[in-house]
Amino acid sequence: MNELQAILAAFESSQKSGETTFLATVVNTQGSTYRRPGAKMLMTATGEIVGTISAGCLENDVFEHTRQCMVDGKPIVVTYDNTASEDILWGFGLGCNGIVQVLIERLETKSTPNLMTFMQECLNNKHLGIIATVFAKDGAVDIKLGSRLLLYPNGKIITDIEDANLTQFLTADAEAAFVNQKSRVKNYQLPFGSAFVFIEVIQPPTPLVIFGAGHDAVPVAQFAEALGWQVTIVDCRASEATKARFSRNCDVILSRREIVHKQVFIDTNTVAVVMTHNYLDDLEILKTLLPSPARYIGVLGPKHRTEKLLQDLHREGIVCTPEQLGRLHSPVGIDIGADTPAEIAIAIIAEIQAVLKNHNGGFLRNRNQPIHNTIAVLNDSLSTEKPGISQIPGFFISRMI
């Protein structure tokens with residue numbers, strides 16, 4: 001279960017018990033920060049916290065804001081400036097020399113648009129969703145803090161933003177986010193001022209198909225589940241014992257190599273790992289995977305074995321394109337000196353994660369660019385706001401916008 005899944009599960013539980021709940025979302029960052037825009041944390045009035053927005057430094061202060069600064073129930077944005085000398089003064093000395101803006105809002109089950117319902121639908125229906133949230137404004141614009149626009153894959157829009165100009169701009173940028181699948185922060189210039197909006201892409205769980213059900217496939221499935229991925233096991237031996245080997249959250253398909261193409265659904269979000277330890281099974285599986293739109297295809301075994309598989313496919317008239325070969329990873333995994341099944345599983349999952357994030361998987365110490373790709377820069381007008389200092393002892397100095 002990943003963080004978003006855990007937050008949604010906790011929210012559902014809190015509603016059954018009638019608890020008041022709050023959601024904190026990182027909506028903008030500048031410089032070095034532990035979490036990036038989109039990080040979320042659910043809080044209940046009784047003090048339960050699910051998810052994180054920092055390395056543990058901001059969570060308590062954010063929770064205190066729900067008790068002391070939200071008596072009217074309206075959303076607020078708190079800015080934490082870790083570049084200021086006050087950070088040293090208060091004794092935190094984080095080392096993350098950046099600025100974080102956090103939107104805190106009380107969750108209402110009957111609100112429209114309903115953020116939690118929308119995110120749950122994205123996960124349940126396994127589709128992308130776009131959330132555009134107003135977190136700051138400047139000038140005389142008549143836009144509420146925390147108002148948002150939700151965009152579904154079929155083009156359906158739900159919004160409580162009344163400004164027609166902003167709605168038009170957001171609709172176009174939300175549709176673009178469906179294509180590039182990248183979150184961003186944007187400052188919209190309007191006739192009477194400006195609005196700062198966080199456009200967030202909600203990704204469905206990554207579908208991982210593992211072809212093979214040996215003991216070495218078990219840790220691959222376990223690590224993938226820990227990341228919240230949707231795991232499917234395909235056992236070409238069709239052994240009933242396979243189902244007991246994997247968790248009940250895994251979808252286990254008992255098949256034969258001759259019909260496996262009829263039983264497995266592969267789309268552009270699918271990542272696949274072939275580890276059957278059977279040459280003929282692998283050959284038949286690759287006939288399905290290589291022409292498919294799968295984003296990643298990993299094949300366990302030495303390089304010469306995979307080369308022989310490709311040669312045999314060529315003899316059968318199946319010629320791989322450069323694009324198909326670019327999605328093929330064999331030997332599978334990142335070079336970490338893996339030997340045991342658990343170590344190999346870590347190497348495989350790490351390589352898939354690198355591919356999903358368009359990274360090369362090298363050592364961070366050799367990276368000349370920032371660890372995280374910057375998706376936003378705080379606008380100068382935000383930096384000139386008069387700060388309101390939090391007087392809560394032992395908590396971060398912060399300012400609210």
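Observations
- Sole residue being hydrophobic (A, V, I, L, M, F, W, C), in a strand (DSSP E or B) and assigned by TED's automatic domain parsing to the domain that holds L4, chosen from V78, V62: V78
- Sub-6 Å Cβ pairs linking a first residue in region 317-331 that is under 18 Å from D282 (Cβ atoms) to a second residue that is buried (at least 17 other Cβ atoms within 10 Å of the Cβ) and of a type outside the set (F, W, Y), at least 6 apart or interchain, are C320/L290; Q324/L290; R327/I297; L328/I297; H329/G298; S330/V299; S330/T306, ordered by first then second residue.
- Among the candidates H65, H127, residue that is within 19 Å of the chain's Cα centre (by Cα) and modelled with pLDDT of 85 or more: H127
- Of all residues in region 174-199, those that are of a type in the set (K, R) have Cβ atoms under 9 Å from Cβ atoms of residues that are assigned to a loop (DSSP other than H, G, I, E, B), 6 or more apart or on another chain, in K182/N373; K182/I375; R184/P37; R184/I375; R184/A376; K186/A376.
- Selection count where residues are assigned to a loop (DSSP other than H, G, I, E, B), in contact (Cβ under 8 Å) with a residue 24 or more places away in the chain and within 21 Å of G98 (Cβ to Cβ), scope region 46-59: 6
- Of the listed requirements (1) hydroxyl-bearing (S, T, Y); (2) under 27 Å from P204 (Cα atoms); (3) free of Cβ contacts under 8 Å to residues at least 60 places away in the same chain, S239 misses just one: (2).
- In region 332-362, the residues that are surrounded by fewer than 16 Cβ atoms within 10 Å (Cβ to Cβ), small (G, A, S), part of a loop (DSSP other than H, G, I, E, B) and assigned by TED's automatic domain parsing to the domain that holds L300: G337
- Residue in region 30-45 that is free of Cβ contacts under 8 Å to residues at least 60 places away in the same chain, surrounded by fewer than 20 Cβ atoms within 10 Å (Cβ to Cβ) and not in a strand (DSSP E or B) present: yes
- Selection status of I7, in a loop (DSSP other than H, G, I, E, B), closer than 24 Å to L145 by Cα and of a type in the set (A, V, I, L, M, F, W, C): no
- Looking across N269, N249, N278, one residue alone is surrounded by 13 or more Cβ atoms within 10 Å (Cβ to Cβ) and within 22 Å of I352 (Cα to Cα). It is N269.
- Residue match in region 173-183 (condition: over 23 Å from the mean Cα position of the chain (by Cα) and hydrophobic (A, V, I, L, M, F, W, C)): no
Quick grid of which residues meet (1) surrounded by fewer than 19 Cβ atoms within 10 Å (Cβ to Cβ); (2) closer than 30 Å to L254 by Cα; (3) not assigned by TED's automatic domain parsing to the domain that holds A345:
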{"residue": "E175", "(1), (2), (3)": "yes, no, yes"}
{"residue": "N180", "(1), (2), (3)": "yes, no, yes"}
{"residue": "S183", "(1), (2), (3)": "no, no, yes"}
{"residue": "K186", "(1), (2), (3)": "yes, no, yes"}
{"residue": "E200", "(1), (2), (3)": "no, no, yes"}
{"residue": "G212", "(1), (2), (3)": "no, yes, no"}
{"residue": "D216", "(1), (2), (3)": "yes, yes, no"}
{"residue": "I233", "(1), (2), (3)": "no, yes, no"}
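- For region 303-321, the condition of being outside any loop (DSSP other than H, G, I, E, B) and within 28 Å of Q203 (Cβ to Cβ) holds for none of the residues.
- Test result for A226, closer than 22 Å to Y296 by Cα, loosely packed, with under 13 Cβ neighbours inside 10 Å and not hydroxyl-bearing (S, T, Y): yes
The values are calculated or read from the model by the stated rules, or taken from the named source; none is laboratory data. All values derive from a computational prediction rather than experimental measurement. Because the Cβ atoms are built from the backbone with ideal geometry, glycine has one as well, and the counts that use them run over all protein chains shown.
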